[in-house]
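The structure under discussion appears below in the form of structure tokens.
The values are calculated or read from the model by the stated rules, or taken from the named source; none is laboratory data. All figures in this text were calculated on a predicted structure; none of them were measured in a lab. When we count neighbours, we look across all protein chains shown, and the Cβ atoms used for this are built from the backbone with ideal geometry, even at glycine.
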Amino acid sequence: MKYITNLLYTTFFLALFSCNQSAGSDSARVESPDTTKLAGGQENVQDNDSEKDVVKIAVSSKDHTTLVTALQKADLVTALSNAGPFTVFAPTNEAFAKLPAGTIDELMKDAKKEDLRNILQYHVTLGVLKPESFSDGQKLGMVNGDNVTVQVKEGKITLNNSVHVITSIPASNGIIYIVDGVLLPPAAK
Amino acid sequence: MKNFKSKLMVAIGICALAFGFQSCKPKNAGNAVSGDAAAKAYVAPGKYDGFYNFVSGGFSGQMSVYGLPSGRLLRVIPVFSVDPEKGYGFSEETKPMLNTSHGFVPWDDLHHEDLSQTNGVIDGRWIFANANNTPRVARVDLKTFHTAEIIELPNSAGNHSSPFITENTEYVVAGTRFSVPPDNVNGDVPINSYKKNFKGTISFISVDKTTGAMSIAFQLRCPGVNFDLSHSGKLKSGGWFFFSCYNTEQANTLLEVNASQRDKDFIMAVNWKKAEEYVKAGKGEKQTVKYVHNVFNEKTHSATSETKTEVIVLDTKTLKDICYFIPCPKSPHGCDVDPTGEYIVGSGKLAALIPVFSFTKLMTAISNKDYIGDYEGIPVVKYESALYGEVKKPGLGPLHTEFDGKGNGYTTMFVSSEVVKWNIKDLKVVDRQPTFYSPGHLCIPGGDTRSPDPKYMIVYNKITKDRYLPTGPELAQSAQIFDITGEKMQLILDFPTIGEPHYAQAVASDVIRNSSVKFYKLEENTNPFVSKGESETKVVRKGNRVDIYLTAIRSHFSPDNIEGIKMGDEVYWHVTNLEQDWDVPHGFAIKGALTGELLIMPGETQTLKWSPEKPGMYPFYCTDFCSALHQEMSGYVRVSPKESKTALLFSTGKNLAPNDSTIVKN
């Protein structure tokens, strides 16, 4: 009787197996999306009508090519294209050029990606801080987890006693402050 | 034992064969889905569907938009029912959309839709919809997917054979399902005086070529019957419109039995070009009526209601050459015209055949006065003289027909629960497939126009038992997509629908998607209560009316601290969304509001009326997750007793001055 039971099982599995095979060949005909190759996010949305987000503003500025390259290298373009809201301190090309010779080239290396991310995230805080929102001695919690200290003297905004705000540009997902220096997080100092 | 074993082996062998065969068979009675169905309905994440499918919401009163072939729900457009989710019918700006001569009507029953056409081809500008209960027609703008206009229909009840359009969207028609005494006579008459007092009215609503603005051009006064469905002629028959009607018995009770007495009811052919001539020649009677016309203005983001008091009526009994009746078996329901305009298909829902009428033969019969008599003064053409032929034994309970432009009609069979493909020329059935269960309407993209785009057919079913996981006594109605590119129709997907789907429309996505609006331009906003920037926000008191001009932008309201509201105040929150970015609406809700929320599109101003019920502190907040600081997007409004002297103060980002609420004692 055990033999019969075994036989029944075998028969059943055979039936199942043959069925799985046909299901397999069916699913092979389904053109599944290659999700692993889906790169990026909102920065790819085709929209020439809406107000520009912080990334699109940076990309359209000839004074921020280093920053844009660095954001791309650090995989931060997608995050900064999202809903935010962000306050971004955007060093100019000139500001990056003030760093010791070779610093930027070094940071752009694959092995230094985390350092680059850390530095760039030190330039972003969540929330829209308008010029009138800054006050002397204010501490800003930056996206990388460190703080920036604000100085306001005679209406002029300085960060960490060294980096000066030149001007501000409103963006759809926040506000950009053009700054004349690169903010270096405490650990990287 | 050996004998037993060998017998058993044989039995098992047969069993295995049967098992294997049965379990791998692509089709069985309950499922009828073949192996590559999933691939045909599959749209990869991040990919657009090829077609929009606009599906009527039936008793939800709304219209839903799906992608085809994925069946993904893209949008529910509020049309005839309030929608607290979108603030539709709750905001001061949208409330007038639902005004009628009966007052504010918060619900209706949306059955049919028709996409606007130019030269018989879908142009993607507007979609029209009917209100079946309180008779109205709506126009939805397909740039914004918002209801742009609603017009009420006088002399009507149960606007069912609507909102079908002519080939250049010259007119949208509306035929009354329930005949009633006209609005300008005393309707307080015995119900059983139907034959004497009740009239059926057909409305022709003109549509402005550029703006889409609707206006009742004229109405046809017809015999009291039930008009059911309709479709415009095409090409050679383009100047004609065809309406099915039942209850030619003129029963006023137990229609189930009493309206099914006669062998044949009618399809009414209407020469609307002729009717136009009569109107131009001044043959119409000006009738005093009352109906309401509501228009949404995209610049003020507000609707206005206007009451109209006159309509032009043509009497089809005296103006003889507008209407002709064609006998049609057994309470015809669907009334569909093929892409060439030659064939008119009536679907007698109790008939065992589908009659196909010939427009050419109809014209000959009319010119030869080949009549069998008249019905309340309207000539009745001899059945055989208008008939092209009959589809014999197509199935049970034919309801609606759509066309593929390749010479085939597709008819739903309610009673036998199937869809039947048949050849128009030889009237032979080509294929039949079961649907699950009890199909009503069906839709082929462009399937009621001159040029169908016949990749898919969607069938909308009334009963869904066992198709989806049980959800209590009621299950979602079901749409089923068939691939109709081959000789045989292939079921590829079920998808659940909103409310009860009746008719639907579908069109290739590129006809619509490229003109879709991303946001409203703030500089073009002329709402009287707009704040175009935070510097323009304010709180203004006039007696007990308080207007709060509020702005919303990621991630705060301005002002967000307000004091000095008092009991008995009528507070109007005018919220302007300052965003100029696609897909960034903000919401607005306040504790205790006896309304809905506001959902404010970028660049738009919407107003919520609020009358606080008791003194205290009321938070308000953004309901639409807008940003990382969405939870911070909130504010407080302080409500003081009526007699208090709390000053009216407001601010954002800094504290208000001390504000004593001591009650003033006289």
Report task. Please work out which one of (1) under 19 Å from the mean Cα position of the chain (by Cα); (2) more than 30 Å from A:SER50 (Cα to Cα) is the condition A:GLN151 fails and give its number. Result -> (1)
Query - Test for B:SER627: is it hydroxyl-bearing (Ser, Thr, Tyr) and in contact with a Phe, Trp or Tyr (Cβ under 7 Å, 6 or more places away or on another chain) - result: no
Query raised in the report: Do any strands (runs of 3 or more DSSP E) entirely within segment B:574-622 hold 2 or more residues that are closer than 24 Å to A:GLU51 by Cβ, and if so, which?
Result: B:586-590, B:598-600, B:605-610
Query raised in the report: Does at least one position in segment B:60-78 carry a residue that is within 14 Å of another protein chain (Cβ to nearest Cβ) and either under 24 Å from B:TYR171 (Cβ atoms) or outside any strand (DSSP E or B) (or both)?
Result: yes
Report summary line: For segment A:158-183, the count of residues that are more than 14 Å from chain B (Cβ to nearest Cβ) and in contact with a helix residue (DSSP H, G or I) (Cβ under 7 Å, 6 or more places away or on another chain) equals 7
Query raised in the report: Of the conditions (1) among the hydrophobic types (A, V, I, L, M, F, W, C); (2) modelled with pLDDT of 85 or more; (3) crowded, with 18+ Cβ neighbours inside 10 Å, A:VAL45 fails just one. Which one is it?
Result: (3)
Report summary line: All-but-one check, B:SER203 against (1) in a loop (DSSP other than H, G, I, E, B); (2) in contact with a Gly (Cβ under 9 Å, 6 or more places away or on another chain), failing number (1)
Query raised in the report: Got at least one residue in segment B:639-652 being under 18 Å from A:VAL128 (Cβ atoms), of a type outside the set (Val, Ile, Thr) and buried (at least 21 other Cβ atoms within 10 Å of the Cβ)?
Result: no
Report summary line: Here the residues within segment B:582-615 that are surrounded by fewer than 18 Cβ atoms within 10 Å (Cβ to Cβ), charged (D, E, K, R) and either away from chain A (no Cβ under 14 Å) or closer than 14 Å to B:THR551 by Cα (or both) are B:LYS591, B:LYS609, B:GLU613, B:LYS614
Report task. Keeping to segment B:176-223, report how many residues are acidic (Asp, Glu) and closer than 27 Å to B:ASP321 by Cβ. Result -> 1
Query raised in the report: What do you reckon, is A:LEU80 under 14 Å from the mean Cα position of the chain (by Cα), within 14 Å of another protein chain (Cβ to nearest Cβ) and of a type in the set (A, V, I, L, M, F, W, C)?
Result: yes
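Conditions (1) more than 30 Å from B:GLU524 (Cα to Cα); (2) of a type in the set (Val, Ile, Thr); (3) touching a residue at least 24 places away in the same chain (Cβ under 8 Å); (4) surrounded by 24 or more Cβ atoms within 10 Å (Cβ to Cβ), marked per residue:
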residue: B:LYS280; (1), (2), (3), (4): yes, no, no, no
residue: B:THR340; (1), (2), (3), (4): yes, yes, yes, no
residue: B:GLY346; (1), (2), (3), (4): yes, no, yes, yes
residue: B:ALA351; (1), (2), (3), (4): yes, no, yes, no
Requested in this report: Could you tell me whether segment B:537-558 includes any residue that is of a type in the set (Asp, Glu) and either crowded, with 23+ Cβ neighbours inside 10 Å or touching a residue at least 40 places away in the same chain (Cβ under 8 Å) (or both)?
Outcome: no
Report task. Would you please list the contacts, defined by Cβ atoms under 6 Å and residues six or more apart or on different chains, that run from a residue in segment B:246-272 that is touching a residue at least 40 places away in the same chain (Cβ under 8 Å) to a residue that is part of a strand (DSSP E or B) and among the β-branched types (Val, Ile, Thr)? Result -> B:ILE267/B:ILE326
Requested in this report: Please specify each residue of segment B:41-68 satisfying the condition of being under 23 Å from the mean Cα position of the chain (by Cα) and among the hydrophobic types (A, V, I, L, M, F, W, C).
Outcome: B:PHE51, B:PHE54, B:VAL55, B:PHE59, B:MET63, B:VAL65, B:LEU68
Report task. Output yes when any residue across segment A:84-96 is out of contact with any Gly (no Cβ under 7 Å at 6 or more places or on another chain), surrounded by 14 or more Cβ atoms within 10 Å (Cβ to Cβ) and of a type in the set (Phe, Trp, Tyr), and no when none is. Result -> yes
**Report entry** Criterion (of a type in the set (S, T, N, Q), under 16 Å from B:PHE54 (Cβ atoms) and part of a loop (DSSP other than H, G, I, E, B)) met by exactly one of B:THR485, B:THR449, B:THR464
**Finding:** B:THR449
Report summary line: Reported set for segment B:653-664 where residues are of a type outside the set (S, T, N, Q) and surrounded by fewer than 14 Cβ atoms within 10 Å (Cβ to Cβ) is B:GLY653, B:LYS654, B:ALA657, B:PRO658, B:ASP660, B:ILE663, B:VAL664
Query - Selection within segment A:138-179 - outside any strand (DSSP E or B) and surrounded by 15 or more Cβ atoms within 10 Å (Cβ to Cβ) - result: A:GLN138, A:MET142, A:VAL143, A:ASN144, A:ASP146, A:ASN160, A:SER172, A:ASN173
**Report entry** segment A:62-83: number of residues that are surrounded by 18 or more Cβ atoms within 10 Å (Cβ to Cβ), more than 17 Å from A:LEU107 (Cα to Cα) and of a type in the set (D, E, K, R)
**Finding:** 0
Query raised in the report: Is it true that A:LEU129 is in a loop (DSSP other than H, G, I, E, B), touching a residue at least 40 places away in the same chain (Cβ under 8 Å) and within 14 Å of another protein chain (Cβ to nearest Cβ)?
Result: yes
Query raised in the report: Being closer than 30 Å to B:ASN423 by Cβ, within 31 Å of the chain's Cα centre (by Cα) and away from chain A (no Cβ under 14 Å), is that true of even one residue in segment B:510-533?
Result: yes
Query raised in the report: Is it the case that segment B:291-303 has a residue that's of a type in the set (Ser, Thr, Tyr) and assigned to a strand (DSSP E or B)?
Result: yes
Requested in this report: Considering only segment A:43-69, state which residues are in contact (Cβ under 8 Å) with a residue 40 or more places away in the chain, among the acidic types (Asp, Glu) and assigned to a helix (DSSP H, G or I).
Outcome: A:ASP63
Query - Scan of segment B:209-258 for residues that are in a strand (DSSP E or B), among the polar types (S, T, N, Q) and surrounded by fewer than 23 Cβ atoms within 10 Å (Cβ to Cβ), ordered by number - result: B:SER215
